[in-house]
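A short write-up of the structure that comes next.
Read-outs: derived from the displayed coordinates by stated rules, not from any lab. A quick note: this is a predicted structure, and the numbers were derived from the prediction, not measured. Counting neighbours? That spans all protein chains shown, and the Cβs are built from the backbone with ideal geometry, glycine included.
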Amino acid sequence: MNKQEEEIRKKSPVNIKNKKAAFEYFFIETLTAGIVLTGTEIKSIRAGKASLVDSYCFITNEEIWVRGMSVSPYFYGSYNNHEMKRDRKLLLTKREIRRLLSATKQTGYTIVPLLVFLDENGRAKMDIALCKGKKAFDKRQTLKEKEDRREMDRAIKHY
């Protein structure tokens with residue numbers, strides 16, 4: 001990820017994160033994908049009414065989909081409001097999809113959504129990562145590092 005892409009993510013009015021992903025997985029490779037949405041879905045995402053908890057990506061017929069992403073129905077939507085939890089197609093190149101497919105055929109690897117944000121043109125994008133699951137001792141190590149960082153921050157604030 002270059003500096004310009006990082007700036008876009010920071011400036012985005014919407015940053016919906018999957019906080020549990022960093023605790024559960026090691027990130028091998030991250031990619032940015034577009035999301036195919038309906039009219040009321042993008043309005044709900046712009047309002048920040050989405051969640052990536054318990055969501056994951058899968059590949060079918062050389063297409064990549066996200067399952068379990070929750071987008072709340074739009075408040076002002078009428079009878080044609082969207083379904084809350086439906087599979088949504090992600091937009092990646094065929095080469096990227098094939099590379100992810102070959103990597104996920106190895107045991108222990110999966111594709112997890114990390115972040116939903118809006119780009120400078122107002123389109124919804126999703127950061128996804130090829131991940132390897134952490135073992136219990138890796139999770140304990142992550143918690144220990146997090147606690148150490150907190151203690152260091154507290155020590156700095158006191159001085």
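Couple of notes before you dig in:
- The range 10-36, residues that are buried (at least 17 other Cβ atoms within 10 Å of the Cβ) and touching a Ser or Thr at 6+ places or on another chain (Cβ under 9 Å): Ile16, Asn18, Ala22, Tyr25
- Residue list for the range 100-134, filter: more than 26 Å from Gly39 (Cα to Cα) and without any contact (Cβ under 8 Å) to a residue 24 or more places away in the chain: Ser102, Lys105, Gln106, Thr107
- Test: residue in the range 144-156 that is part of a loop (DSSP other than H, G, I, E, B) and exposed (fewer than 10 other Cβ atoms within 10 Å of the Cβ): no
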